[in-house]
Amino acid sequence: MALLDRCAEVAQQPGSGITVKGVGCHGPCSDGPLFSVACGDEVRLISVQSSSASELAMELQEALSRGSLREWVPRGCRSLDPQSPFLALQRRIVLERCGQIDPEDLSDAESAGAYQQLNAVLAANNPEAVIDLVRRSGLRGRGGAGYPTGLKWATVAAMPGAEKRLVCNADEGDPGAFMDRTILEGDPHSVLEGMAIAAFAVGAQHGFIYIRAEYPLAIARLRRAIAQAQQQGWLGTTIAGSRFSFDLELRVGAGAYVCGEETALIHSIEGQRGVPRPRPPYPAEHGVFGLPTLINNVETYANIPVLHRLGLERYGVGTKVFSLTGHVSRSGVIEVPIGTSLRTIVETMAGGPPDHKPIKAVQTGGPSGGCIPAAALDTPVDYDSLQALGTIMGSGGMVVMDSTTNMVDVAAYFMAFSREESCGKCIPCRTGTVQLELLLRKLLARKATVADLEQLERLSETVRDASLCGLGQSAPKPVLSTLRHFRADYLALLQPLEASR
Amino acid sequence: MPQDFEQLDPVLRRHQFRADALLEVLAAAQRSYGYLSAPLLRHVATSLRLPLSRVQGTASFYHLFRFTPPPRHQCLVCTGTACHVQGAGGLLQELKQHLNCPELDIGEVRCVGTCSGAPLVLVDGEIWNHQRAPALIEALQELLQ
Amino acid sequence: MSVCTLRIDDQDVAIAAGSTVLQAIRSAAIAVPTLCHLDGLSPVGACRLCLVEVEGSERLLAACVTTVQDGMRIHTNSSRLQEMRRTLIELLFSEGNHICAICVANGQCELQDLAVRVGMDHSRFSYRYPNRCVDLSHPQFGLDHNRCILCTRCVRVCDEVEGAHVWDVGWRGEHCQIISGLAEPWGAVEACTNCGKCIEVCPTGALFHKGEGTDEKHGHPGRLAALVQGRSRQELEP
Amino acid sequence: MSAAKPRKRLATVWLAGCSGCHMSFLDLDEWLLELAQHADIVYSPVASDQKRYPPAVDIALVEGGVANSDNLALLKTVRANTKVLVSFGDCAIHANIPGMRNMLQGADPVLRRAYLDLADSSAQLPHAPGLIPELLDQVLPVHELVPVDVYLPGCPPSADRIRTVLEALLQDRRPDLSRAGEIRFG
């Protein structure tokens, strides 16, 4: 922030000929803070390492007096190689404007193309065509479950009744996941535009964005973006001169992971305890305030404008945004084509563990996902391949673990998470997670027997099969997947006497 | 004597005293008054025409609502996955061991989504990246003085 | 009214469309255990004891909240379901302090009966022995949180039938507990009409009449259905 | 039962419980005479003077939870020297009434509550190492400490239920307690 202010001061001087603006995340967070220098078409990312804001501003002043910024790399800074795999292997279509535009300035977003697709869709006035495009694109929900988006839209559109609701799930709660935060902070208008197009397609008049309170910057930028979009007539009544009206409300959570589950989210929007309920009825039929409701997550909506802009062929299989963390040399947010191999992502792009230790596992899907062993790194990252490995694509959190990691500890970590976040409504999740964590702690304390290990496995299956909602059903996944791929870690912790049996 | 909690009025009016605004109203109430006291919760319940147990049950469901006055300073250790694999658990333990002061609330926070700074802590709402126990304890002790 | 025919275990069952699978199962006189369900209250599908296998569905479905469909084939008592039900009952015993020997509901307790029914002779899970309290602030009634299994029948009967909404669920996960008012002593909650319906529907000894000793509580969960039915026919003033 | 069969060696053990299960055992009345024809009672607080738990016991009925160091040591001896260990009554199976002190979370708070907070006069913590066994932090069910072969719940289990179990075990059968009423707690 200080950096932005100082540079802006320099730029404001008459005749500087440059613009300085705050932008959203560029991606390579581990090299931050970052700024980019754009001269003509050439954009360079510069990582600030040991330079202070005032030093930088002074250097900027000097560089300006010399003329061009084309070759400028200030002292204490390093220019990032655009050909480095972390940057070059990405396909930034959803994140295209992140890091390019000022997310607090609608006109900047508009000049980069924001709301043009909404405009075109409204002009064409053919909701069925929109749904058809989404269906044929094969787009699947980016929030975790991977339900076909087009089918969901068609279902809501087909529901009787004039009143419908739209919800954007921005309750990004998986620990180690921050893709949606990146989108919301870097290019909130892409989400608003996607929501407006969706609302038009399914016939919804009112929408909610449910965002977790832990993201104050994203909340502030969303509020601003909504206000600006309303002012410019991209939200509200008779949008872009059409007969379509759509209003948006921001709802801020209060710290409850389970509210990412759609029925819990609905209850939370209604001002109740964020407790899931059995489905059916599905939200498409009985959602917010009992009305047919379309719920998609941030990244799914952000895919809509770009799908329209590129068209089916150029959009191709689409992309997935991941946040890369853990034992990696370069962490941050990346967007890659679906089907990119895990190895490409964690070894080539992220550079593997920093001190050349071997990778032991990659965790995807957070507390609802599982751990992929190093031996399966050549798996293409897509919904079905990951499911076959006992994990899920999830919302996009990807945590790399090196050979020093104990997978039982990882399983216990996630189980503690699920226990704390269980809403407490159904017995298997409320109490099963407590008992599963106890068994894992017993293992870690080297007090467990073979019988305890069997119990762990059996109870995991019961909690998976008997729980009411997705949180409970997937809470045992980190245990089951590590038992499947890293059983040796468990056996090594059994009582010495037991291990020899 | 019933308190009037005037600061809440604009929020209540903006939401037209609708029951579904309970979370927004509670959040605003906590922002204005620091925590959700019993009189404040009663005021919210009456204003939104909700049963007391409904208000209490909802407020207590969410981690971010508190029912006691906040301490002067707060240090929340992020326990997200990235922070966990970089030693957040040990960090939390050390803090609890070495800093026992009623002025400082030591707790946990769910992933704040800036994992490149792992392990990180939130001190009075501000993110401190790449923390190690000795330096952090020193910095917090300084803060407390 | 249209009718659905379905096959439950080895019986063919015909039942009005729109009925729940649980109604169909009961109409065939097949015994499936339930705890949170009570005729007369809205279903919540929380206890998971009535989970059944439905052919063609990967997931187990809670009979109390699943609507019948024509041609459904349902299995209510496979060994997998039996094992699951025993596990659920054991989990309930492990999370509270259920000391039947000194309980007002001993011999009249739905949880105790279910333990027998699922063949639970001990719990394979370690007991948690939570530190819970007893609320005796109400002049006529008492609440012993040690015996509460969070079925929420009291919450629902007070809200849906009595209209007082004294009770709700507070906190979450393993820390959930039934609360009255602002988690205050029951006796301090003005909304309570002293109707005693919560005592009648409580499946265990958690809610009881003061003065009842061991084995002396007699709940009447069955009366509720008659009351609700009577009201719906406007035979009774609410 | 054929008389040719070798006589069983039977023990009954009393840990932290009220001895009610043993009273129920005595309620077997005249069947005790029949029992005596098929088994030697080699260790029991109600039917034997033996002070040390003997080796090679066939069947042991263990009443009570495990509350102190003596209970624990005895239980380990019992397990090591017994073929079939029966967890006998609710205290053995889930700590029951002795286990209510577990809610105070630890031996120390329990002692303080009992000997200091609730004392009428001369409040003092008992301390006699070697004489008074140390309390464990929690009263635990038998099966959480050693493997158990048969569970016989009830507070106390009725004489009929005890007989059902013993009859089966004397004939080397596993008792079938699945019939209603036979595994009821309380």
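Values in this text are rule-based calculations from the coordinates and carry no lab data. Treat the numbers as computed from the prediction; the structure is a model and nothing was measured. Reconstructed Cβ throughout: ideal geometry from the backbone, glycine too, with neighbour counts over all protein chains shown.
Counting, for every residue in C:147-155, the Cβ atoms of other protein chains within 10 Å of its Cβ and taking the mean gives 1.
Count, for each residue of A:276-283, the Cβ atoms from other chains sitting within 10 Å of its Cβ, then give me the mean as a whole number. Display every interim value, and only then the final one.
Working: counts 1, 5, 9, 2, 4, 2, 0, 0.
Rounded to a whole number, the mean comes out at 3.
When the Debye formula is applied to the Cα atoms of chain A, each taken as the same point scatterer, what base-10 log of I(q)/I(0) results at q = 0.10, 0.11, 0.13 Å⁻¹? Here log10 of I(q) over I(0) equals -0.81, -0.96, -1.26. A DSSP coil position with no more than 14 other Cβ atoms inside 10 Å describes the following chymotrypsin sites (Phe, Trp or Tyr not before Pro) in segment B:1-49: B:F17, B:Y35. When the inverse distances between all different Cα atoms of the protein assembly as shown are averaged and flipped, the Kirkwood radius reads 32.2 angstrom.
Counting Cβ atoms of other protein chains within 10 Å of each Cβ in B:40-46 and taking the mean gives 1.
For segment B:6-61, which semi-axes, largest first and in whole Å, follow from the square roots of 5 times the eigenvalues of its Cα gyration tensor? Intermediate results must be reported in sequence, preceding the final value.
On the way: eigenvalues 43, 35, 18 Å².
In descending order the semi-axes read 15, 13, 10 Å.
The coefficient of translational diffusion for segment A:319-402, derived via Stokes-Einstein from the alpha carbon Kirkwood radius under 25 °C and 0.890 mPa s, stands at 201 µm²/s. All alpha carbon pair distances within segment C:83-232 were sorted into 10 Å bins beginning at 0; the resulting P(r) in whole percents reads 11, 40, 36, 12, 1. Loop-located trypsin sites (Lys or Arg not before Pro) in segment B:79-137 (DSSP state not H, G, I, E or B) with no more than 14 neighbouring Cβ atoms inside 10 Å: B:R132. Could you check how many percent of all C-alpha pairs in segment A:188-241 are farther apart than 13 Å? Counting every Cα pair in segment A:188-241, those more than 13 Å apart make up 61 percent.
Sorted by packing (mean other beta-carbon atoms within 10 Å per residue), highest first, where do A:421-431, D:130-140, C:160-170 land? Intermediate values should be presented prior to the final figure.
Numbers: A:421-431: 27.0, D:130-140: 16.3, C:160-170: 20.5.
Ranked from most to least packed, the peptides come out as A:421-431, C:160-170, D:130-140.
Near A:K320, the amide H atoms lying under 5 Å from its own belong to A:V336, A:I338; only residues 5 or more places off or on other chains count, and H is placed 1.01 Å from N. Phi angles across segment B:134-142 convert, under the Karplus curve 6.51 cos²θ - 1.76 cosθ + 1.60 with θ = phi - 60°, into 3J(HN,Hα) values of x, 5, 5, 4, 4, 4, 5, 4, 4 Hz, Gly and Pro given as x.
How big is the Cα convex hull of chain D in projection, averaged over all directions, in nm²? Each step should come with its number before you reach the end.
Working: hull surface 46.9 nm².
Reported value for the Cα convex hull: 11.7 nm².
Based on DSSP H segments of at least four residues, each scored -39500 (n - 2.57), chain A has a per-residue ellipticity at 222 nm of -12500 deg cm²/dmol.
Given contacts defined as C-alpha pairs under 8 Å and at least six residues apart, what's the relative contact order of segment A:319-402, whole-number percent?
Over segment A:319-402, the number comes to 37 percent.
The distance linking segment D:107-186 with segment C:33-69 is 37 Å (Cα centroid to Cα centroid, whole angstrom). Largest GNM mean-square fluctuation among C:I99, C:I15, C:I199, using chain C with Cα springs under 10 Å: C:I99.
Loop-located GluC sites (Glu not before Pro) in segment C:1-59 (DSSP state other than H, G, I, E, B) with a sparse environment of at most 12 neighbouring Cβ atoms within 10 Å: C:E55, C:E58.
Just need log10 I(q)/I(0) for segment A:313-366 at q = 0.26, 0.31 Å⁻¹, Debye formula, equal scatterers on the alpha-carbon atoms, no solvent, rounded to two decimals. Rounded to two decimals, the profile gives -1.08, -1.39. Less than 9 Å Cβ to Cβ from A:R75, Lys/Arg counted +1 and Asp/Glu -1: what total charge do the surrounding residues give? Charge balance in the 9 Å sphere: -2.
Each principal axis of segment A:413-501 carries a Cα extent, and these read 41, 21, 19 Å when sorted largest first. Working note: Karplus 6.51/-1.76/1.60 with θ = phi - 60° gives segment B:59-70 the couplings 4, 6, 5, 9, 4, 7, 8, 10, 10, 10, x, x Hz, where Gly and Pro are set to x.
Where does segment C:3-75 land on the Kirkwood hydrodynamic radius, alpha-carbon pairs, in angstrom?
Numbers: mean 1/r = 0.0825 Å⁻¹.
One decimal place: 12.1 Å for the Kirkwood radius.
Taking amide H atoms as placed 1.01 Å from N in the peptide plane, the amide H of A:G370 lies under 5 Å from those of A:T364, A:I392, each 5 or more residues away in sequence or on another chain.
Can you order the peptides B:20-31, A:324-335 by their average number of other Cβ atoms within 10 Å per residue, highest first?
Result, highest mean Cβ count within 10 Å first: A:324-335, B:20-31.
Karplus-derived 3J(HN,Hα) values for segment D:73-80, using 6.51 cos²θ - 1.76 cosθ + 1.60 with θ = phi - 60°, are 4, 5, 4, 5, 4, 4, 4, 5 Hz; glycine and proline are entered as x. Sorting A:182-191, B:50-59, A:30-39 by average packing, meaning the other beta carbons within 10 Å per residue, from highest down gives A:182-191, B:50-59, A:30-39.
Under 8 Å for C-alpha pairs, at least 6 residues apart: give me the relative contact order for chain C, rounded to a whole percent.
Working: 417 pairs, mean separation 43.8, N = 238.
Across chain C, relative contact order equals 18 percent.
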